[in-house]
Amino acid sequence: MCNDGPYFATADISRCVSLFKKDYIFSQGAMDTDRPQEWQFAGKIQSHSSDIASISFGKSIDENDQVQQRLFSVGKDRKCFEYDVREARFHTQLWVIREFTIEMEAKPTCCIWYPQLDFKEGILLTTNDEYKIKLWNPTTMTARRTCLGPTYGGEITKMKLLDQINGEKYLCYSTEEKVIGLVKLPLDGNPHNTMGLIAHPKEVTDICATVDGKWVFTCGGDDLAVNMWKVDVSPINQAIAMGGKGIEPFVNLIEGGLEGQTYQDMKDFFYYSMIKAQVEDTTKTRKLNQQVPVEQLSNLMRAMGYYPTDHEIKCMEDEVRQCAMSNEGRTTTHVNLDTFVKLFVNHRPVYGIGKNNIEEAFSVLADGRFGEGDSLARDELISMLQSEGEDGGMKMIEIEKALTFLVGEQLVTKAIPEKVTSTEFAETILGFEEVDEAELMAAEQDFQGSQ
């Protein structure tokens, strides 16, 4: 439902979005203003190729300084669609204004229009099943910010905006099961800006809030319960105060914290990148400005064991470049160490990549016919690496270069067996080590505890 406009929209299991408008009945070529306004069907479209995860209304100012109602949807096909609300007419199609890809691997779970706080542009907020919260400019179809969301209770599936509480804005969220919570705005990636609690014994089917933002209602499933909650934001403010200022809350999410080896490695790689950005082979005194070009972000992330896709790299670079444009009216081409730490903490996968992910990838490559112990032919694997993925796949020279780094052998026929299983690929080529399941579960619990 559009909060301040005569519209509401629906999404159904057939992947269709429908729009309804409250207006006068159109009769005999004119509006019949003598009769009361009624809800009327305005348009419908089957836009997504997979299940629709969420729909949301938004509003912005158009070129004529008029308030423009906007409608968005995100789906499991990893796409976001914007629909033409203004031109929707009775018995006509709901037209798509634009569409763009918002994920490459994760699947979107929710979307909501982001209130105008630290951005001067219309912003859409999305969440995904990898515990990330992302901000997008849907007009330019570019990323504005990526933040690590709450990791307790599963991914966020629903969000509602709470009205100002003590002059501040908050989002209320629910996960698919058990948990509801609050997120303090504006989103800056600070892990202490969120909280959560167990609201139901199992599924949470829906949430809503009062107009004044002081009360939240949640609806369960099998428990047959509707609960009423009083909003208390003091725990979040206390956690923020105790969590430290500046870069401290972000560094505490890195293994070992400020004195740990991981943070020391980050500083070493960052300073090397500063040197590399200048002339490496020189005896002259260097003048380092404590910044590296934004193009070095991908190398820095990979040096730290996080391997972003080309789409994720572009999102990171857009965030850095456009952040200064939104706040100061200028673009920036460099990042400092603090920015690098924040980007690393908020963008990297929560649990990393394991052998199970390699098995799933092999199953996808084999079109579902891949089972435990099954192998994939080398020629088939190379052919798919060359034809699938971003930018139409990898070139042979890129595959050979990657194999040289991984196993020290450039020739594909020597680096990869004629038949290769997912286990062999993970251990022999990628160098994955076997991790005890109990240790992995303990690491996940430690990470969630730090949240």
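Within the range 222-246, residues that are over 18 Å from L258 (Cα atoms) and at pLDDT 90 or above sit with their Cβ atoms under 6 Å from residues that are of a type outside the set (S, T, Y) and open to solvent by 100 Å² or more (accessible area, probe 1.4 Å), at 6+ positions apart or across chains, in these pairs: D222/K202; V231/K214.
Screening V67, V96, V85 for residues that are over 16 Å from the mean Cα position of the chain (by Cα), open to solvent by 60 Å² or more (accessible area, probe 1.4 Å) and either modelled with pLDDT of 95 or more or β-branched (V, I, T) (or both) leaves exactly one candidate, V67. Summed over the range 235-255, the residues that are basic (K, R) and surrounded by 13 or more Cβ atoms within 10 Å (Cβ to Cβ) give a count of 0.
Filter the range 186-234 for residues that are among the hydroxyl-bearing types (S, T, Y) and in contact with an Asp or Glu (Cβ under 9 Å, 6 or more places away or on another chain); which is most open to solvent (accessible area, probe 1.4 Å)? In this case the residue turns out to be T210. Looking at T109, T142, T127 in this structure, which one is modelled with pLDDT of 90 or more and open to solvent by less than 10 Å² (accessible area, probe 1.4 Å)? Criteria check complete, one pass: T127.
Out of curiosity, is K160 farther than 21 Å from D232 by Cα and open to solvent by 40 Å² or more (accessible area, probe 1.4 Å)? So K160 does not fit the description; no. Of all residues in the range 431-445, none are at pLDDT 85 or above, part of a helix (DSSP H, G or I) and surrounded by 12 or more Cβ atoms within 10 Å (Cβ to Cβ). Flag: L258 matches the condition of being surrounded by fewer than 14 Cβ atoms within 10 Å (Cβ to Cβ), assigned to a helix (DSSP H, G or I) and either aromatic (F, W, Y) or on the phi < 0 side of the Ramachandran plot (or both). Scanning the range 317-338 for residues that are open to solvent by 50 Å² or more (accessible area, probe 1.4 Å) and either in contact with a helix residue (DSSP H, G or I) (Cβ under 6 Å, 6 or more places away or on another chain) or modelled with pLDDT of 80 or more (or both) returns R321, R330, T331, T333, H334, N336, D338. Do we have S14 as loosely packed, with under 11 Cβ neighbours inside 10 Å, outside any strand (DSSP E or B) and modelled with pLDDT of 90 or more here? The answer is yes for S14.
Put simply, of S54, S60 the only residue that is hydroxyl-bearing (S, T, Y) and under 21 Å from the mean Cα position of the chain (by Cα) is S54. Looking at G58, is it touching a Leu at 6+ places or on another chain (Cβ under 8 Å), in contact (Cβ under 8 Å) with a residue 60 or more places away in the chain and small (G, A, S)? Against the criterion (touching a Leu at 6+ places or on another chain (Cβ under 8 Å), in contact (Cβ under 8 Å) with a residue 60 or more places away in the chain and small (G, A, S)), G58 qualifies. Would you check if there is a residue in the range 341-352 being modelled with pLDDT under 90 and of a type in the set (V, I, T)? The answer is yes, given that some residue of the range 341-352 is modelled with pLDDT under 90 and of a type in the set (V, I, T). Among the residues of the range 277-292, those that are of a type in the set (K, R) and either modelled with pLDDT of 80 or more or open to solvent by 90 Å² or more (accessible area, probe 1.4 Å) (or both) comprise K284, K287. The set of residues in the range 369-411 being modelled with pLDDT under 85 and open to solvent by less than 60 Å² (accessible area, probe 1.4 Å) consists of F370, G371, S375, L376, E390, G392, G393, E409. Need pairs with beta-carbon distance below 9 Å; first residue free of Cβ contacts under 8 Å to residues at least 12 places away in the same chain and within the range 390-419, second open to solvent by 60 Å² or more (accessible area, probe 1.4 Å) and among the basic types (K, R); sequence gap 6+ or separate chains. The qualifying pairs are Q410/K401.
Suppose we keep only residues that are open to solvent by less than 30 Å² (accessible area, probe 1.4 Å) and in contact with a Cys (Cβ under 9 Å, 6 or more places away or on another chain) within the range 38-51. Which one would you say is farthest from D129 (Cα to Cα)? Among those residues, the one meeting the criterion is I45.
The listed residues are G196, G153, G149, and the only one of them that is in contact (Cβ under 8 Å) with a residue 40 or more places away in the chain and on the phi > 0 side of the Ramachandran plot turns out to be G153. Could you tell me which residue of the range 145-156 is farthest from V341 (Cα to Cα), considering only residues that are more than 10 Å from the chain's Cα centre (by Cα) and open to solvent by 30 Å² or more (accessible area, probe 1.4 Å)? Checked the range 145-156; the qualifying residue farthest from V341 (Cα to Cα) is G153. Residues in the range 152-172: is at least one of a type in the set (S, T, N, Q) and within 20 Å of C315 (Cβ to Cβ)? No, because not a single residue in the range 152-172 is of a type in the set (S, T, N, Q) and within 20 Å of C315 (Cβ to Cβ).
The values are calculated or read from the model by the stated rules, or taken from the named source; none is laboratory data. Every value quoted in this text rests on a predicted model; they were computed, and no experiment measured them. Cβ atoms come from the backbone with ideal geometry, glycine included; neighbour counts cover every protein chain shown. All accessible areas refer to the heavy atoms of the entire protein, side chains included, with ligands and DNA or RNA removed. Shrake-Rupley method; radii C 1.70, N 1.55, O 1.52, S 1.80 Å.
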